[in-house]
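See below for the structure under consideration.
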Amino acid sequence: MKSGKLEILTGGWVMTDEANSHYFGIISQLIEGHEWLSNHIGEDYKPRNHWSIDPFGLSPTVSYFMKKSNFSNGVLQRVHYSVKKHLAGTKQLEFIWRQLWTERQVSSVCLKDFSYISVVADGVRLGISGAALLYDQYRKKAQLFKTNVILVPLGDDFRYDTPFEWESQFTNYMKLFKYMNAQLPWNVNVRLQRFLPALLF
């Protein structure tokens, strides 16, 4: 975690159900989660980014609390399709989320997640079609952003729970990326990288 290869997002005890939770519960679970991190990982470890991919509703109050908790960025998932359509059409999927009562500094990112592609052996035709499918999805997603960097979260509530899963996913994506980058007509340079530094360089 010190090198930045693994990051704990938000760091709360749970992910808040933003639509129904009282602000006391939201703040309390953040405090409890951050105290646990301080006691078990180290006093100097503080989450920097917020992850909100599966709440039942979004609340501007939560983004306000995230700002007050010193988070720099956020990832949102459950957004109404018409909002996503509008943001995609105006290339605003990366946006500043602020409330009417706050200054203009809270930034968040709104993206759609991808399903998993199974591990494939070298030379298997499925790997080629999987790479073409993934390339097409990345290409379409890239057209919705202002930069040439896209955030593609990998995983869900029940992923990466064993070393085998980590290794399988990494190996599979490396094969797919190697194939995609070798396709000269596609003109891509796909790689795994931390999202925020990629935006800066």
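The values are calculated or read from the model by the stated rules, or taken from the named source; none is laboratory data. A quick note: this is a predicted structure, and the numbers were derived from the prediction, not measured. Here the Cβ is made from the backbone with ideal geometry for all residues, glycine too, and neighbour counts use every protein chain on show.
Considering Leu37, Leu58, the condition of being under 19 Å from the mean Cα position of the chain (by Cα) and either closer than 30 Å to Ile150 by Cβ or in contact (Cβ under 8 Å) with a residue 40 or more places away in the chain (or both) is satisfied by Leu58 alone.
Taken over segment 40-51, residues that are free of Cβ contacts under 8 Å to residues at least 40 places away in the same chain and either assigned to a loop (DSSP other than H, G, I, E, B) or in contact with a Ser or Thr (Cβ under 7 Å, 6 or more places away or on another chain) (or both) amount to 4. Taken over segment 9-33, the criterion of being surrounded by fewer than 17 Cβ atoms within 10 Å (Cβ to Cβ) and among the β-branched types (Val, Ile, Thr) is satisfied by Val14, Ile27, Ile31.
For the residues His40, His22, His50, the requirement of being modelled with pLDDT of 85 or more and out of contact with any strand residue (DSSP E or B) (no Cβ under 9 Å at 6 or more places or on another chain) singles out His40. Out of segment 52-99, which residues are in a helix (DSSP H, G or I), within 19 Å of Ile27 (Cα to Cα) and small (Gly, Ala, Ser)? Within segment 52-99, just Ser63 meets the criteria. A residue that is in a loop (DSSP other than H, G, I, E, B), out of contact with any Gly (no Cβ under 6 Å at 6 or more places or on another chain), under 22 Å from Asp157 (Cβ atoms) and among the β-branched types (Val, Ile, Thr) occurs somewhere in segment 11-26.
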